[in-house]
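The values are calculated or read from the model by the stated rules, or taken from the named source; none is laboratory data. Fair warning: this is a prediction, and the values are worked out from it, not measured in the lab. FYI the Cβ positions are ideal-geometry reconstructions off the backbone, even for glycines, and counts take in every protein chain you see. For accessibility, only protein heavy atoms count, side chains too; no ligands or nucleic acids. Shrake-Rupley method; radii C 1.70, N 1.55, O 1.52, S 1.80 Å.
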Amino acid sequence: MKLRGVIGILFFLLILLPTATFAHHQVVLVTNVDCPVNTISSLELRKIYFGIQVKHKDYLMRGIQNQTNSQLDRIFHQTVVAMSKKSYQRRLLAQSLNRGSPSIAKFTDSIELYRELVKNTCNVTYMWEDQVRKYYDLKIIKLLWQKN
Amino acid sequence: MFQTRLQLFIVILIVILHSSVANAEIEQKLLVFLNAEGASELLEGNEQSKSPDGILAADILYGVSWEQFHFLGEYLASNKETELERLQLGVQFSENKFAWIGRFHTPSNFWMTAYHHGQYLQTSISLPGIAQFEDFAGIIPAHSTGLLIDTSHVFEDSSGINAAFSIGTAPVLDEGFMETFNILNPQSGHNLAYHLRFSYQPDYFDNNKIGIIASFADLNTEEIFVQNTPIGAVEQITIGAFVDWSWHDWRVISSFSHIINHLYSNELVIEDEFTSGYVQAEYAVSKDWVLFGRVEESFSTNNSAYLQLIPNFIESRQMIGARFEFLSQHALTFEAAHIETLNENFEQVRIQWSAVFP
């Protein structure tokens with residue numbers, strides 16, 4: 001009887017799992033709450049992720065790639081840089097070769113991503129909107145993608 | 001000996017800097033481009049082929065950025081040569097405006113400023129003759145030491161313009177090649193050269209661009225002769241255009257320059273002018289496979305006194321090739337070409353592995 005009960009609970013959780021997976025509806029751009037920037041244009045965002053220096057009130061804005069989730073990564077390439085992963089890598093590589101510019105930092109671990117994000121006042125990255133609530137010291141400055 | 005030690009010192013310094021700089025405000029970049037290549041040539045009208053040749057090369061690039069200040073060093077080490085290719089100190093005035101001093105690639109050489117020595121980034125193995133390095137029968141200066149201003153502007157619609165201007169040392173013409181100013185072994189005798197590039201990009205973040213290039217170089221000489229006439233100096237003016245355009249799976253890269261030379265001897269001035277350039281077409285068969293071909297041609301080069309000074313310059317080439325990318329940032333490339341220089345015509349086959357780390 002006990003075993004049946006456990007199986008029943010597991011089955012119920014299994015049914016819930018797909019719902020949890022597709023619960024993300026929006027991808028947003030976030031920065032630290034201390035950053036004086038409250039909104040950012042699409043052009044500025046592209047500049048940041050192509051390694052061009054963008055400054056707001058003397059604060060340098062640095063982009064960080066969030067590679068903790070493949071769907072997020074796909075949305076980033078489609079909506080932010082508007083090119084394939086391979087083309088984007090080559091573009092950044094050519095820029096580094098040309099000017100010795102540092103690459104855009106990327107993280108596959110969410111804790112490391114968060115640590116890097118809070119390292120500088122106006123570092124920016126993107127994440128699922130419902131994940132931002134976990135961090136009291138982050139704020140949303142742009143909606144990047146929305147599920148239809 | 002001093003020069004070798006100095007070069008070794010710089011490489012060690014770069015490694016130490018890279019491992020020790022931990023300040024969060026200082027950003028750095030280390031890239032290592034590797035390539036290994038085999039080539040075989042068959043002279044026209046001769047059943048004997050030349051001995052197969054091989055190249056092993058590492059191009060090490062190190063960049064440091066601290067606030068608006070930048071440093072960039074590029075060192076090439078191969079079984080053919082070792083050379084400090086670039087050594088630049090830069091200041092960034094605003095978003096996309098840089099001033100550099102040091103040794104750099106000349107902005108009027110479109111191919112060079114797109115790929116530098118990063119073999120992995122260029123689709124083909126070979127460089128077009130017009131874009132060649134000075135010590136490999138290049139006829140237009142590819143390096144200069146001095147001041148480089150590089151500025152871009154991105155408009156609200158994402159289109160962009162770029163302008164680059166440099167003033168610095170010109171190479172010295174030696175027998176068969178040009179000798180660049182060596183920053184590690186400074187010697188007098190180098191006159192000035194001016195280079196200019198202006199380009200337009202419909203989308204600044206994309207690769208498509210079209211532009212014009214121009215240069216003036218005052219080339220000093222090292223006891224060279226044209227038809228037994230000693231040449232004391234050469235003034236060279238170039239003006240040209242370039243395009244790099246992708247459309248669906250196709251890409252076209254092309255550049256043509258008109259080159260005017262004045263060769264000065266004690267008694268007379270020899271004038272010549274000719275046009276040289278290339279069209280390279282690439283077709284992406286799949287994500288990993290690219291087929292490509294390049295046609296290079298030079299016009300009005302008959303009896304060019306200037307080209308007699310650099311007889312190994314590739315005047316004409318018809319080339320086809322294929323490139324396969326594998327793993328992450330590795331490529332295998334194959335090329336077959338018919339090549340014509342002032343002295344000889346030959347067929348050439350090349351195969352290359354190239355990669356970039358990290």
### Message
Show me the strands (runs of 3 or more DSSP E) found entirely inside region B:18-117 where at least 2 residues are closer than 29 Å to B:Val154 by Cβ and free of Cβ contacts under 8 Å to residues at least 24 places away in the same chain.
### Response
B:69-78, B:82-94
### Task
Quick one: count up the residues across region B:113-124 that are out of contact with any helix residue (DSSP H, G or I) (no Cβ under 6 Å at 6 or more places or on another chain) and closer than 14 Å to B:Glu134 by Cα.
1
### Message
Give me the residue from region B:208-246 that is within 14 Å of chain A (Cβ to nearest Cβ) and of a type outside the set (Asp, Glu) and, out of that set, farthest from A:Ser84 (Cα to Cα).
### Response
B:Lys209
### Query
Residue check: is B:Arg323 in contact with an Asp or Glu (Cβ under 6 Å, 6 or more places away or on another chain) and either over 27 Å from B:Gln348 (Cα atoms) or part of a strand (DSSP E or B) (or both)?
no
### Query
In region B:227-268, what residues are at pLDDT below 90 and buried (at least 17 other Cβ atoms within 10 Å of the Cβ)?
B:Ile231
### Message
If I go through region A:9-26 residue by residue, how many of them are closer than 26 Å to A:Tyr136 by Cβ and either within 14 Å of another protein chain (Cβ to nearest Cβ) or modelled with pLDDT of 60 or more (or both)?
### Response
3
### Message
For the structure I just gave you, tell me whether B:Phe165 is at pLDDT below 95, surrounded by fewer than 23 Cβ atoms within 10 Å (Cβ to Cβ) and of a type outside the set (A, V, I, L, M).
### Response
no
### Test for A:Asn148: is it within 11 Å of chain B (Cβ to nearest Cβ), more than 13 Å from the chain's Cα centre (by Cα) and open to solvent by 40 Å² or more (accessible area, probe 1.4 Å)
no
### Task
Could you tell me which numbered condition B:Phe357 fails, if it satisfies all but one of (1) open to solvent by 60 Å² or more (accessible area, probe 1.4 Å); (2) within 26 Å of B:Phe242 (Cα to Cα)?
(2)
#### Entry: Residue ID - farthest from the other protein chains (Cβ to nearest Cβ), chosen from residues in region A:27-45 that are in contact with a Ser or Thr (Cβ under 7 Å, 6 or more places away or on another chain) and open to solvent by less than 40 Å² (accessible area, probe 1.4 Å)
A:Val30
### Task
Grab the helices (runs of 4 or more DSSP H) fully contained in region A:62-148, keeping just those with 3 or more residues being farther than 30 Å from B:Gln119 by Cβ and modelled with pLDDT under 95.
A:70-75, A:110-117, A:129-132
### One residue from A:Val80, A:Val54, A:Val118, A:Val132 being open to solvent by less than 60 Å² (accessible area, probe 1.4 Å) and more than 14 Å from chain B (Cβ to nearest Cβ)
A:Val132
### Query
Among all residue pairs at least 6 apart or on different chains, which show Cβ distances below 7 Å where the first residue, located in region B:183-207, is more than 13 Å from chain A (Cβ to nearest Cβ) and surrounded by 16 or more Cβ atoms within 10 Å (Cβ to Cβ) and the second is assigned to a loop (DSSP other than H, G, I, E, B) and not hydrophobic (A, V, I, L, M, F, W, C)?
B:Ala193/B:Pro141; B:His195/B:Thr106; B:His195/B:Pro107; B:His195/B:Ser108; B:Leu196/B:Pro107; B:Leu196/B:Ser108
### Message
Can you say whether A:Arg74 is closer than 14 Å to A:Leu144 by Cα, open to solvent by 10 Å² or more (accessible area, probe 1.4 Å) and in contact with a helix residue (DSSP H, G or I) (Cβ under 8 Å, 6 or more places away or on another chain), as far as the supplied structure shows?
### Response
no
